[in-house]
Amino acid sequence: QVQLVESGGGLVQAGRSLRLSCAASGITFSINNMGWYRQAPGKQRELVATIRWFGRTNYADSVKGRFTISRDNAKNTVYLQMNSLKPEDTAVYYCNTVDPAGREYWGQGTQVTVSS
């Protein structure tokens with residue numbers, strides 16, 4: 001059974017930082033692509049950042065230079081370091097994984113709220 005468990009969300013003032021974590025189980029983590037997505041109220045879910053199994057990263061333009069995605073294969077965990085947070089970063093953040101067969105899984109989400 002695949003499980004993705006996010007943590008690290010919360011309420012923070014604009015300009016501050018948060019680090020999200022996503023602990024994965026039930027998958028061969030080292031060969032899975034991992035990603036973070038977010039969904040703000042009334043908006044569609046959007047890509048934030050992805051990291052391929054071999055380490056290549058990709059970011060949404062809105063977070064480039066502020067967010068960093070990384071992975072620790074020994075801990076089966078993917079991280080999202082979020083710096084210089086803005087009120088428009090407020091959303092539920094979801095962890096995502098896609099395995100080599102193309103099967104996709106989602107976490108339950110963690111709320112990030114940035115106050116101005």
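The values are calculated or read from the model by the stated rules, or taken from the named source; none is laboratory data. Every value quoted in this text rests on a predicted model; they were computed, and no experiment measured them. With ideal geometry, Cβ positions are generated from the backbone for all residues, glycine too; neighbour counts draw on all protein chains shown. Accessible surface is based on the protein model in full, side chains and every heavy atom, while ligands, DNA and RNA are left aside. Shrake-Rupley method; radii C 1.70, N 1.55, O 1.52, S 1.80 Å.
Summary of values
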{"read-out": "Pairs, first of a type in the set (A, V, I, L, M) in the range 103-116, second open to solvent by 100 Å² or more (accessible area, probe 1.4 Å), C-beta under 9 Å, six or more apart", "value": "Val112/Leu11; Val114/Leu11; Val114/Gln13; Val114/Arg16; Val114/Glu88"}
{"read-out": "Qualifying position, being among the acidic types (Asp, Glu) and out of contact with any helix residue (DSSP H, G or I) (no Cβ under 9 Å at 6 or more places or on another chain), among Asp99, Asp89", "value": "Asp89"}
{"read-out": "Checking Ala74 against (1) open to solvent by less than 50 Å² (accessible area, probe 1.4 Å); (2) of a type in the set (Gly, Ala, Ser); (3) out of contact with any Phe, Trp or Tyr (no Cβ under 6 Å at 6 or more places or on another chain), the condition it does not meet", "value": "(1)"}
{"read-out": "Total residues in the range 93-114, condition more than 15 Å from Gly26 (Cβ to Cβ) and under 10 Å from the mean Cα position of the chain (by Cα)", "value": "4"}
{"read-out": "Extreme residue, nearest to the chain's Cα centre (by Cα), among residues of the range 24-48 that are surrounded by fewer than 17 Cβ atoms within 10 Å (Cβ to Cβ), in a strand (DSSP E or B) and of a type outside the set (S, T, N, Q)", "value": "Leu47"}
{"read-out": "Every residue from the range 86-108 that is buried (at least 21 other Cβ atoms within 10 Å of the Cβ), among the acidic types (Asp, Glu) and farther than 19 Å from Arg66 by Cβ", "value": "none"}
{"read-out": "Checklist (1) within 19 Å of Arg103 (Cα to Cα); (2) open to solvent by less than 50 Å² (accessible area, probe 1.4 Å) applied to Gln1, failing item", "value": "(2)"}
{"read-out": "In the range 49-64, the residues that are surrounded by 12 or more Cβ atoms within 10 Å (Cβ to Cβ) and either acidic (Asp, Glu) or not in a strand (DSSP E or B) (or both)", "value": "Arg52, Trp53, Ala60, Ser62, Val63"}
{"read-out": "Where a residue in the range 54-75 is farther than 18 Å from Asp99 by Cα and its partner, wherever it lies, is open to solvent by 50 Å² or more (accessible area, probe 1.4 Å) and among the small types (Gly, Ala, Ser), with Cβ under 8 Å and at least six apart", "value": "Arg66/Ser84"}
{"read-out": "Scan of the range 70-92 for residues that are hydroxyl-bearing (Ser, Thr, Tyr), farther than 13 Å from Leu11 by Cα and touching a strand residue (DSSP E or B) at 6+ places or on another chain (Cβ under 8 Å), ordered by number", "value": "Ser70, Thr77, Tyr79"}
{"read-out": "Residues satisfying the stated conditions in the range 65-98, i.e. in a strand (DSSP E or B) and charged (D, E, K, R)", "value": "Arg71, Asp72"}
